[in-house]
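Working notes, beginning with the structure itself.
The values are calculated or read from the model by the stated rules, or taken from the named source; none is laboratory data. Quick caveat: nothing in here was measured; it's all calculated off a predicted structure. So basically every Cβ, Gly included, is an ideal-geometry build from the backbone, and we count neighbours across all protein chains shown. Areas reflect the complete protein model, heavy atoms only, side chains present, ligands, DNA and RNA absent. Shrake-Rupley method; radii C 1.70, N 1.55, O 1.52, S 1.80 Å.
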There are 2 protein chains.
Amino acid sequence: MGLVVQKYGGSSVADAEGIKRVARRIVDTKKDGHEVVVVVSAMGDTTDELIDLAEQVSPIPAGRELDMLLTAGERISMALLAMAIKSLGHEAQSFTGSQAGVITDSVHNKARIIDVTPGRIRNALDKGNIAIVAGFQGVSQDSKDITTLGRGGSDTTAVALAAALDAEVCEIYTDVDGVFTADPRVVKKARKIDWIAYEDMLELASSGSKVLLHRCVEYARRYNMPIHVRSSFSGHVGTWVSNEKPTKPEGGEMEQAIISGVAHDTSEAKVTVVGVPDKPGEAARIFRAIADSEINIDMVVQNVSAAATGLTDISFTLPMADGHRAIDSLEKAKAVVGFESLRYDDQIAKISLVGAGMRSNPGVTAAFFEALSGAGVNIELISTSEIRISVVTRADDVNEAVRAVHTAFGLDSESDEAVVYGGTGR
Amino acid sequence: MGLVVQKYGGSSVADAEGIKRVARRIVDTKKDGHEVVVVVSAMGDTTDELIDLAEQVSPIPAGRELDMLLTAGERISMALLAMAIKSLGHEAQSFTGSQAGVITDSVHNKARIIDVTPGRIRNALDKGNIAIVAGFQGVSQDSKDITTLGRGGSDTTAVALAAALDAEVCEIYTDVDGVFTADPRVVKKARKIDWIAYEDMLELASSGSKVLLHRCVEYARRYNMPIHVRSSFSGHVGTWVSNEKPTKPEGGEMEQAIISGVAHDTSEAKVTVVGVPDKPGEAARIFRAIADSEINIDMVVQNVSAAATGLTDISFTLPMADGHRAIDSLEKAKAVVGFESLRYDDQIAKISLVGAGMRSNPGVTAAFFEALSGAGVNIELISTSEIRISVVTRADDVNEAVRAVHTAFGLDSESDEAVVYGGTGR
């Protein structure tokens with residue numbers, strides 16, 4: 001029996017009852033003979049409440065101080081969880097990110113882990129204790145200031161600690177039963193995926209699947225650390241994310257489908273730069289203006305230029321939250337870049353089909369487009385990677401489009417059993 | 001212009017408005033040319049709310065984890081305060097007790113400061129920054145675990161930091177205008193004291209005055225650090241606590257009155273051990289039983305024994321919260337100690353008259369007792385130190401007794417001006 005790292009999100013520890021339920025689950029794992037390290041997020045809406053307080057005292061809260069503030073959230077949940085475990089008769093100690101040796105760079109509010117030195121955690125385990133670690137936080141290597149890893153950072157903390165402690169598995173507990181072939185709120189017949197390879201999970205994460213964040217999966221792939229995503233409200237087996245197909249309990253390997261799933265994302269907007277002179281360097285000027293505003297763009301498409309005018313249009317998608325900033329930057333750069341006008345559209349959705357199997361299965365693209373066409377959905381932009389096809393459609397069409405594609409690729413669940421949800425529904 | 005340490009209590013930073021008001025006051029001090037270090041408590045009722053959460057998950061929360069939990073409170077207030085200062089255009093950095101170098105012993109929930117190594121605070125000041133430090137918390141020298149100093153610990157943090165940084169003064173901001181000659185809620189004509197010596201302040205603090213805790217004053221006396229207790233809601237000069245009479249702004253020394261004030265305390269109970277054999281070692285057995293339960297007793301009185309029986313009664317007072325535990329310990333020790341019965345009385349009050357002047361002024365005791373007698377108040381126990389006389393009376397008599405003594409010693413304010421109160425009234 002090896003070491004298990006378990007991560008519990010905010011909805012799993014939203015109140016005293018939740019904390020006690022999680023404590024019992026942790027103790028059960030310990031009783032099974034495992035060494036247990038637990039990474040915990042802040043309770044329920046604590047982080048949002050703290051951000052709200054910060055905005056009340058300062059219109060633009062200073063990064064260092066915002067990190068100091070937000071890390072109070074996990075401090076509360078981890079101490080309560082350790083108490084709850086101790087009151088069940090098992091030894092537990094809580095550790096801040098700094099105490100757990102989570103070393104980061106100095107970029108406040110979205111620091112990156114650069115090293116993990118879990119000496120105190122190892123000591124606690126050697127004494128037979130359960131170690132509870134604050135997710136989402138670390139300490140900067142240079143300034144020794146407290147940092148946070150940004151939203152979803154607790155998952156990354158868990159994977160990084162699991163790698164540093166050479167854990168058997170990193171279990172990510174959440175309020176759904178695992179990773180699904182599509183968002184179950186949109187596709188009633190979405191199926192839980194038993195196993196998915198890192199590369200497919202990475203594509204799903206960057207295409208709008210919310211269960212695991214891209215950064216966490218990337219970290220797991222780099223250290224070849226298996227992730228098991230599962231519900232803290234049920235005892236069900238969830239979704240394994242790893243390099244190699246795990247062995248089924250009844251023998252034989254788990255199969256990965258040709259298509260892992262359909263993801264959608266309605267958080268992006270589309271900018272079209274109209275009437276760009278079709279000559280070398282124009283596109284570079286446009287994207288330099290965007291990059292200088294520290295905006296990440298997603299899809300980019302350039303039309304063939306009209307022979308008569310020598311002008312072309314360039315469209316790209318970006319997070320809706322950055323939309324106005326992007327337009328401002330481009331307007332300012334208009335004289336230098338040279339274009340006619342800008343169009344901004346935030347009524348779009350991105351639908352992505354992901355699966356390593358499409359490498360060796362010609363016809364996937366055709367079947368994808370046929371499914372969309374059959375549902376009467378118009379395609380506005382297309383972009384592909386080796387194992388993913390993404391299209392942009394009208395936002396109004398997204399649910400119908402996802403359902404049509406899900407059915408067309410045989411992903412629908414055969415049973416009519418409702419997906420098991422728990423928690424607060426967030 | 002030297003270094004000033006300012007401490008703000010929970011009622012001063014109870015909400016965003018309070019935090020912004022305190023931030024403006026800090027910035028004003030900085031603008032006057034001072035280096036400023038600020039010690040801050042948790043916002044309003046945060047600590048009580050966290051204790052309540054702890055009790056929901058664990059009947060007897062583990063000490064180490066309770067400290068980890070409670071220190072989240074100051075983390076929130078200090079980060080918000082630093083943000084608020086920065087949004088006023090001044091540089092501020094917040095530091096946990098551990099980061100500020102507050103080193104303690106390992107007694108969780110009531111640790112004692114054993115060293116202060118404020119290197120990071122000094123660095124922040126040298127860069128021209130305002131340093132905000134979490135009160136009430138430190139880090140244990142041995143285990144490197146987070147500790148708390150117990151209730152009122154933020155005042156001690158402030159004095160300890162002031163001493164370690166060689167500050168000019170430690171300003172303790174609270175919701176009253178200073179130390180008064182009696183509790184203004186009881187005595188409408190109580191006067192604010194302009195200056196009081198450490199020794200008188202120590203006696204007031206151990207006699208029921210809540211403004212400063214004994215431990216904090218003792219620390220200040222040891223390092224000869226002047227304390228200025230004042231309101232965070234007004235600009236008034238408060239009460240100076242120091243060794244030497246400070247110079248008045250208009251020249252000349254401040255005078256200390258013969259009597260500094262009248263304190264009262266209704267948080268104690270009285271235990272009477274009835275029928276104790278009057279022979280050597282009996283009293284020792286009684287107080288060993290109490291001491292072994294880690295209960296601190298206050299006043300002790302033994303009656304002359306009745307010649308006929310050779311038995312005597314021993315009465316003592318102790319914190320009401322420890323009353324039942326004391327009775328249990330004595331009942332268990334009854335066979336060894338040898339006494340007839342126990343009486344327990346929690347309807348008592350202690351009234352104390354404090355003033356270094358009573359050393360050289362005979363007749364103070366007589367005048368004290370005459371005042372009580374004139375008010376029809378019966379005295380049940382008496383105890384004295386060189387500069388304090390305390391009596392125990394019925395709890396019902398306490399307000400009238402305090403007022404009578406306050407008037408008899410000429411402490412009543414001549415003006416009818418109401419005492420300035422601010423804050424939340426707690």
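A:LEU202 meets each of the listed conditions (1) in contact with a helix residue (DSSP H, G or I) (Cβ under 8 Å, 6 or more places away or on another chain); (2) in contact (Cβ under 8 Å) with a residue 40 or more places away in the chain; (3) open to solvent by less than 20 Å² (accessible area, probe 1.4 Å) apart from (2).
Flag: B:ALA84 matches the condition of being in contact (Cβ under 8 Å) with a residue 60 or more places away in the chain, open to solvent by less than 10 Å² (accessible area, probe 1.4 Å), within 12 Å of another protein chain (Cβ to nearest Cβ) and farther than 19 Å from B:ILE172 by Cα. Inside the stretch B:315-337, residues that are modelled with pLDDT under 90 and either among the acidic types (Asp, Glu) or crowded, with 16+ Cβ neighbours inside 10 Å (or both) make up a count of 2.
What tally of residues in the stretch A:205-239 results from selecting those that are in a loop (DSSP other than H, G, I, E, B), modelled with pLDDT of 95 or more and in contact with a helix residue (DSSP H, G or I) (Cβ under 9 Å, 6 or more places away or on another chain)? It would help to see each step written out before you state the result.
Let us first name the residues in the stretch A:205-239 that are in a loop (DSSP other than H, G, I, E, B), namely A:207-213, A:223-226, A:232-238.
If we keep only those that are modelled with pLDDT of 95 or more too, we end up with A:223-226, A:238.
Restricting the remaining residues to those that are in contact with a helix residue (DSSP H, G or I) (Cβ under 9 Å, 6 or more places away or on another chain) gives A:223-226.
Selection size over the stretch A:205-239: 4.
Which of the residues that make up the stretch B:354-377 are open to solvent by less than 40 Å² (accessible area, probe 1.4 Å) and either closer than 23 Å to B:GLU400 by Cβ or touching a Gly at 6+ places or on another chain (Cβ under 8 Å) (or both)?
B:VAL354, B:GLY355, B:MET358, B:VAL364, B:ALA367, B:PHE368, B:ALA371, B:LEU372, B:ALA375, B:VAL377
Note on the stretch B:378-415: among residues that are out of contact with any Gly (no Cβ under 9 Å at 6 or more places or on another chain) and acidic (Asp, Glu), the one that is nearest to B:ASN303 (Cα to Cα) is B:GLU380.
For the stretch B:189-213, a residue qualifies if it is under 9 Å from the mean Cα position of the chain (by Cα) and either more than 21 Å from B:ILE297 (Cα to Cα) or among the small types (Gly, Ala, Ser) (or both), and the qualifying residues are B:ALA205, B:SER206, B:GLY208, B:SER209, B:VAL211.
Looking at A:THR156, A:THR147, which one is in contact with a Leu (Cβ under 7 Å, 6 or more places away or on another chain) and of a type in the set (Val, Ile, Thr)? Let's see the steps before the verdict.
Details: A:THR147 fails: in contact with a Leu (Cβ under 7 Å, 6 or more places away or on another chain).
Residue meeting the stated conditions: A:THR156.
Annotation: A:SER98 fulfils all but one of (1) open to solvent by 20 Å² or more (accessible area, probe 1.4 Å); (2) without any contact (Cβ under 8 Å) to a residue 12 or more places away in the chain; (3) among the small types (Gly, Ala, Ser); the unmet one is (2). Look at (1) open to solvent by 20 Å² or more (accessible area, probe 1.4 Å); (2) assigned to a strand (DSSP E or B) and you find that A:GLY33 fails only one, number (2). Condition check for A:VAL22 on (1) touching a residue at least 12 places away in the same chain (Cβ under 8 Å); (2) at the interface with chain B (Cβ under 8 Å from one of its Cβ atoms): one failure, at (2).
Looking at A:THR71, A:THR47, can you tell me which residue is under 24 Å from the mean Cα position of the chain (by Cα) and either of a type in the set (Gly, Ala, Ser) or more than 8 Å from chain B (Cβ to nearest Cβ) (or both)? Spell out how you get there, then give the answer.
Values: A:THR71 fails: either of a type in the set (Gly, Ala, Ser) or more than 8 Å from chain B (Cβ to nearest Cβ) (or both).
Testing whether each residue is under 24 Å from the mean Cα position of the chain (by Cα) and either of a type in the set (Gly, Ala, Ser) or more than 8 Å from chain B (Cβ to nearest Cβ) (or both) leaves just A:THR47.
For B:MET254, indicate whether it is in contact with an Asp or Glu (Cβ under 6 Å, 6 or more places away or on another chain) and either among the aliphatic types (A, V, I, L, M) or at pLDDT 85 or above (or both). Yes: the conditions hold for B:MET254. Among residues of the stretch B:273-299 being part of a strand (DSSP E or B) and crowded, with 20+ Cβ neighbours inside 10 Å, the one that is modelled with the highest pLDDT is B:VAL273. Would you check if A:ASP52 is out of contact with any Phe, Trp or Tyr (no Cβ under 7 Å at 6 or more places or on another chain) and either open to solvent by 30 Å² or more (accessible area, probe 1.4 Å) or away from every other protein chain (no Cβ under 11 Å) (or both)? Against the criterion (out of contact with any Phe, Trp or Tyr (no Cβ under 7 Å at 6 or more places or on another chain) and either open to solvent by 30 Å² or more (accessible area, probe 1.4 Å) or away from every other protein chain (no Cβ under 11 Å) (or both)), A:ASP52 qualifies.
Among A:ALA42, A:ALA14, which is the only one that is more than 9 Å from chain B (Cβ to nearest Cβ), in a loop (DSSP other than H, G, I, E, B) and open to solvent by 10 Å² or more (accessible area, probe 1.4 Å)?
A:ALA14
The combined condition, being in contact with a Pro (Cβ under 9 Å, 6 or more places away or on another chain) and of a type in the set (Lys, Arg), is fulfilled by B:LYS86. Scanning the stretch A:55-68 for residues that are within 8 Å of chain B (Cβ to nearest Cβ) and not acidic (Asp, Glu) yields A:GLN56, A:VAL57, A:SER58, A:PRO59, A:ILE60, A:PRO61, A:ALA62, A:ARG64, A:LEU66, A:MET68.
When every residue of the stretch B:87-98 is checked against the conditions, at least one turns out to be among the small types (Gly, Ala, Ser), more than 12 Å from chain A (Cβ to nearest Cβ) and touching a helix residue (DSSP H, G or I) at 6+ places or on another chain (Cβ under 9 Å). Looking only at the stretch B:318-338, decide whether some residue is part of a loop (DSSP other than H, G, I, E, B), in contact with a strand residue (DSSP E or B) (Cβ under 8 Å, 6 or more places away or on another chain) and under 23 Å from B:THR384 (Cα atoms). Looking through the stretch B:318-338, none of the residues is part of a loop (DSSP other than H, G, I, E, B), in contact with a strand residue (DSSP E or B) (Cβ under 8 Å, 6 or more places away or on another chain) and under 23 Å from B:THR384 (Cα atoms). When A:VAL133, A:VAL179 are checked against the criterion of being within 13 Å of chain B (Cβ to nearest Cβ) and touching a strand residue (DSSP E or B) at 6+ places or on another chain (Cβ under 6 Å), A:VAL133 stands alone in meeting it.
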